[in-house]
Amino acid sequence: MKILFVAPEAAPLAKEGGLGDVVGALPPHLEALGHDVRLVLPQYRGLRTTQPPRRREEILFVHTGVGVQFAAVAETELPGSKVPVYLLEYQEYFDRAGIYHTREGAYPDNHRRFGLLSRGALELCLVLGWIPDVVHVHDWTTALIPAYLNTILSGTPLGQTASVLTIHNLEHQGRFPVETFPDTGLPGWTLRPDGFGDVGAANWLKGGLYHADKLTTVSPTYAEEIKGPVGGCGLDGVLRFKAADLIGIVNGIDEAAWDPATDPHLPAPISADDLSGRTVAREALREEFGLDPDLSRPLFGVVSRLFAQKGMDLFLDIMDRFLGSTRAQFVLLGSGDSLEEERFAAEARARPREVGVYLGYNERLAHLIMGGADFLVMPSRFEPCGLSQQYAMRYGAIPVVRKTGGLADTVLPAEEPHGTGFLFEPILSEALLEVLLRAVDLWETEPTRVAALQQNGMRRDASWGASARQYSQVYEWAAAARRG
Ligand code: ADP
Ligand code: GLC
């Protein structure tokens, strides 16, 4: 099949979180199954390409409600693969420091920026004469696409193209004032309540959910959670209505980019058969953060965006009690909410030998924490899939996670024969403290059991193979649904 991915991120070219990891890793696996897969991405300022992209001769005349916008196109490949990536060049929108926002907040013209990406990607297909069987879109930023295919483009060759929308995170919906909706160029009737209309706002994700032929999300448990009022973020009604078209497919990980045996960011190789490289990484990590080098102290780590979703406030609330009553140490790599950033920075100042904090984005350090921390903490309030815990397991860091979404689907309780980590359920800092203390206890009293948990995690199958085959099946269903 011919499959077009349209997305705001694709690792390593442009990434802010796990969505980028998924869009960067899945296409080559689909290609290996025999599909012709291509990707459209904005030409951002900070794009991490190995070679300069090649400028193509096509100029796109993109018709949106704003008028006709002229966009240039460049081409590159997803690094490490032959998957073509078309870069939509529109400097006024994309030649900026961030993907979605600055520290001051979201770009105020995001509806125009991602509207242009969405409409432009489809215009590109028409200009190239490459008509995909399926367009696979991701989250709210590209959720207009299913509606374009069903409405203003239905009379073009793209009228036969099916759409699949993947929900990576239901919390971010792309809600804009209704006055902005005409900018999309979609017909006004699509703003009905069974479309983009959402109590006084235009909700891009909601419209996308109604218009897409098939929906997926990134774990089976999250697929269930979002059909209920707690996980549904106001869209559970739509998701129950579309339940027969919604399937949860757990994310794999890019096993080449995250391979502890060959990782250039680690000071020594690590494998399930030889964990000694972890000691070297732990030493390096302690040294980098200036922590007490005593290796008999368990080291807890975090690599995370700092937003309410991630539940790090639960950790902050018990951090003093936890570190005060155990010999544990803690390192954090993260950025986001300024209050949480400041609280962690204050902890690091108060306990310089126990706590290390790096506020910002740092790829190398993310890998080093996975290889050097004994435990990785993810107390997420909700977690559609979560990749960090999967990287942790692959690198031998034992995950301590809340039992939700993809965390529940990927981490097996320590008590079970093939257990890989620790889980707690109530969204309460006391419940987190209890499980952290259990982890410390195991670490101090049962080193063989700890090694078994590590090895179980490292040997766990986290490859994309099975999930790529499931996506392939969903594309077939979507195309069949489109043919009617
Ligand atoms: P989410 O997409 O919700 O942030 P995931 O666990 O799916 O959660 O993916 C997070 C990804 O972002 C992982 O690849 C993780 O290593 C990376 N990441 C998060 N914060 C940072 C940071 N400060 N520096 C480097 N990488 C980070
Ligand atoms: C989102 C989710 C995360 C998921 C990622 C990739 O960012 O928060 O749980 O792993 O998307 O699907």
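Descriptive notes on the structure:
- For the stretch 370-406, the set of residues classified as within 21 Å of Pro229 (Cβ to Cβ) and of a type outside the set (Lys, Arg) consists of Ser380, Phe382, Glu383, Pro384, Thr404, Gly405, Gly406, listed by residue number.
- Filtered by the rule that a residue be closer than 20 Å to Trp258 by Cα and either within 8 Å of ligand 2 (Cβ to nearest atom) or surrounded by fewer than 24 Cβ atoms within 10 Å (Cβ to Cβ) (or both), the stretch 378-387 gives Cys385, Gly386, Leu387.
- Qualifying residue in the stretch 195-213 (condition: in contact with an Asp or Glu (Cβ under 6 Å, 6 or more places away or on another chain) and either assigned by TED's automatic domain parsing to the domain that holds Thr404 or within 16 Å of ligand 2 (Cβ to nearest atom) (or both)): no
- Restricting Asp292, Asp337 to residues that are in contact (Cβ under 8 Å) with a residue 40 or more places away in the chain, more than 24 Å from Met393 (Cα to Cα) and in contact with a helix residue (DSSP H, G or I) (Cβ under 9 Å, 6 or more places away or on another chain) narrows the list to Asp292.
- The set of residues in the stretch 458-474 that are over 26 Å from Asp245 (Cβ atoms) and of a type outside the set (Lys, Arg) comprises Met458, Asp461, Ala462, Ser463.
- Of the listed requirements (1) within 29 Å of Ala308 (Cβ to Cβ); (2) out of contact with any strand residue (DSSP E or B) (no Cβ under 8 Å at 6 or more places or on another chain); (3) among the aliphatic types (A, V, I, L, M), Ala480 misses just one: (1).
- Total residues in the stretch 251-269, condition without any contact (Cβ under 8 Å) to a residue 40 or more places away in the chain and either buried (at least 22 other Cβ atoms within 10 Å of the Cβ) or within 25 Å of Val164 (Cβ to Cβ) (or both): 0
- Among the residues of the stretch 322-331, those identified as under 23 Å from Gln309 (Cα atoms) and either within 16 Å of ligand 2 (Cβ to nearest atom) or not in a helix (DSSP H, G or I) (or both) are Phe330, Val331.
- Scope the stretch 304-329; condition basic (Lys, Arg) and closer than 16 Å to Asp441 by Cα; matching residues: Arg321, Arg327
- Checking each residue in the stretch 25-43 for being over 18 Å from Ile145 (Cβ atoms) and within 11 Å of ligand 2 (Cβ to nearest atom) picks out only Ala25.
- In the stretch 74-94, residue modelled with the highest pLDDT [restricted to those that are of a type in the set (Ser, Thr, Tyr) and closer than 25 Å to Trp258 by Cβ]: Thr76
- Subset tally (residues that are under 24 Å from the mean Cα position of the chain (by Cα), more than 12 Å from ligand 1 (Cβ to nearest atom) and not in a helix (DSSP H, G or I)) for the stretch 332-383: 6
- If the condition is being small (Gly, Ala, Ser), part of a loop (DSSP other than H, G, I, E, B) and crowded, with 19+ Cβ neighbours inside 10 Å, then the stretch 229-250 contributes only Gly231.
- Check on Val440, closer than 26 Å to Gln329 by Cα, in contact (Cβ under 8 Å) with a residue 12 or more places away in the chain and of a type in the set (Val, Ile, Thr): yes
- Taken over the stretch 353-410, the residue count meeting the criterion of being at pLDDT 95 or above, under 17 Å from His265 (Cβ atoms) and of a type in the set (Ser, Thr, Tyr) is 4.
- Of all residues in the stretch 164-219, those satisfying the criterion of being hydroxyl-bearing (Ser, Thr, Tyr) and surrounded by 18 or more Cβ atoms within 10 Å (Cβ to Cβ) are Thr166, Thr184, Thr190, Tyr210, Thr216, Thr217, Ser219.
- Count of the stretch 459-477 residues which are among the hydrophobic types (A, V, I, L, M, F, W, C), surrounded by 20 or more Cβ atoms within 10 Å (Cβ to Cβ) and touching a strand residue (DSSP E or B) at 6+ places or on another chain (Cβ under 9 Å): 1
- Among the conditions (1) buried (at least 16 other Cβ atoms within 10 Å of the Cβ); (2) farther than 20 Å from Leu442 by Cα; (3) within 16 Å of ligand 1 (Cβ to nearest atom); (4) not aromatic (Phe, Trp, Tyr), the only one that Gly301 does not satisfy is (2).
- Of the helices (runs of 4 or more DSSP H) entirely within the stretch 122-228, none holds at least 3 residues that are within 20 Å of the chain's Cα centre (by Cα) and at pLDDT below 95.
- Members of the stretch 104-128 that are farther than 29 Å from Ile3 by Cβ and in contact (Cβ under 8 Å) with a residue 12 or more places away in the chain: Asp109
- Test: residue in the stretch 317-330 that is within 16 Å of ligand 1 (Cβ to nearest atom) and touching a helix residue (DSSP H, G or I) at 6+ places or on another chain (Cβ under 9 Å): yes
The values are calculated or read from the model by the stated rules, or taken from the named source; none is laboratory data. On a predicted model such as this, the values are computed, not experimentally measured, just so you know. So basically every Cβ, Gly included, is an ideal-geometry build from the backbone, and we count neighbours across all protein chains shown.
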